[in-house]
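What follows is calculated from the coordinates using simple rules that are stated; it is not laboratory data. Computed from a prediction, not measured in an experiment: that's the story for all the values here. Cβ: placed from backbone, ideal geometry, glycine included. Neighbour counts: every protein chain shown.
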């Protein structure tokens, strides 16, 4: 079975605080892909990052960083010095070979950044 | 037009109406998807089309009828819907190969159609 768990339903932080969004996944496949998407109030899901299962190197893109740890089946997302424009719902997703690579989404974490 | 477009953006319909949602992708992808997003629920995959062939139907009620006339267009025909069908309907596309998602940017999503059933 494949599953993505985002245990944090909603997080509120004050602007300029750092915040980490958790994502835990389950799959028995050795080949899989993990994604993070941002859904602002406008509704469209915006791609943020993709990692494949063979690349555990952490990535940093501006204020965003991702920590991929296969040992704990986690793919956490950190926003440094959060801004009001970061307010959105963030989804983690899994795409694995045994699932014909269809996307399994987590339930999302709503992030509210307060000015 | 670029990316994935969806029309209409908003739709209000009665339970006896028939309407259609349209999705168009300009990315040359070979797979298209319909998702339903209800309030406080996870994204639910409804249908998957790969090279115009439906490859997945996740137990979606027959009042939702998809149509994929070509690899760039996807429709969702609606009839005799229920109020609980009110949701955001998202279309997505991707390039899929036997070894996984070929496009490093994953699935591209349209802006969605906000559907309200009265």
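Mind telling me which of B:43, B:74, B:88 comes out most flexible in a GNM of chain B, alpha-carbon contacts under 10 Å?
B:43
Run the numbers on chain B and let me know its relative contact order in percent, using alpha-carbon pairs under 8 Å that are six or more apart.
Here the relative contact order equals 35 percent.
Evaluate E = 1/(1 + (r/R0)^6) for residue A:46 and residue B:80, where r is the Cβ-Cβ distance and R0 equals 41 Å; express this FRET efficiency to the nearest 0.05.
0.75
So what's Rg/Rh here for the protein assembly as shown, counting alpha carbon atoms and using the Kirkwood radius for Rh?
0.97
For chain A, what does the relative contact order come out to in percent, with C-alpha contacts under 8 Å and a separation of six or more?
This gives 38 percent for chain A.
How long is the gain from residue A:2 to residue A:54 if the chain were fully straight, where each residue apart is worth 0.36 nm and the alpha carbon distance is subtracted?
That works out to 16.9 nm of additional length.
How big is the antiparallel share of DSSP beta bridges in the protein assembly as shown, given as a percent to the nearest 5?
So the antiparallel bridges in the protein assembly as shown amount to around 90 percent.
Rounded to the nearest 0.05, what FRET efficiency do residue B:54 and residue B:20 give with R0 = 25 Å and r taken as the Cβ-Cβ distance? Could you check?
0.90
What shape does the stretch A:1-69 take by its C-alpha gyration tensor, where a ≥ b ≥ c are the square roots of the eigenvalues and a/c under 1.5 counts as rounded, a/b above b/c as prolate, and the rest as oblate?
It comes out prolate by the Cα gyration axes.
Say R0 is 35 Å: what FRET efficiency, to the nearest 0.05, do residue A:15 and residue A:70 get from their beta-carbon distance?
Result of the calculation: an efficiency of 0.55.
Just need log10 I(q)/I(0) for chain A at q = 0.11, 0.16, 0.17 Å⁻¹, Debye formula, equal scatterers on the alpha-carbon atoms, no solvent, rounded to two decimals.
-0.33, -0.69, -0.78
What percent of all Cα-Cα pairs in the stretch B:1-46 falls into each 10 Å bin, going from 0 up to the bin containing the maximum distance?
Answer for the stretch B:1-46: a P(r) of 20, 43, 32, 5 percent.
Any idea what the alpha-carbon Rg over 2.2 N^0.38 Å comes to for the stretch B:19-94?
The value comes to 1.05.
Have a look at B:41, B:18, B:52 and tell me which one the Gaussian network model of chain B (Cα, springs below 10 Å) gives the largest fluctuation.
Top of the fluctuation ranking is B:41.
In bins 10 Å wide, starting from 0, what share of all Cα pairs of the stretch A:30-83 does each bin hold, as a percent?
In order of increasing distance, the bins hold 22, 51, 24, 3 percent.
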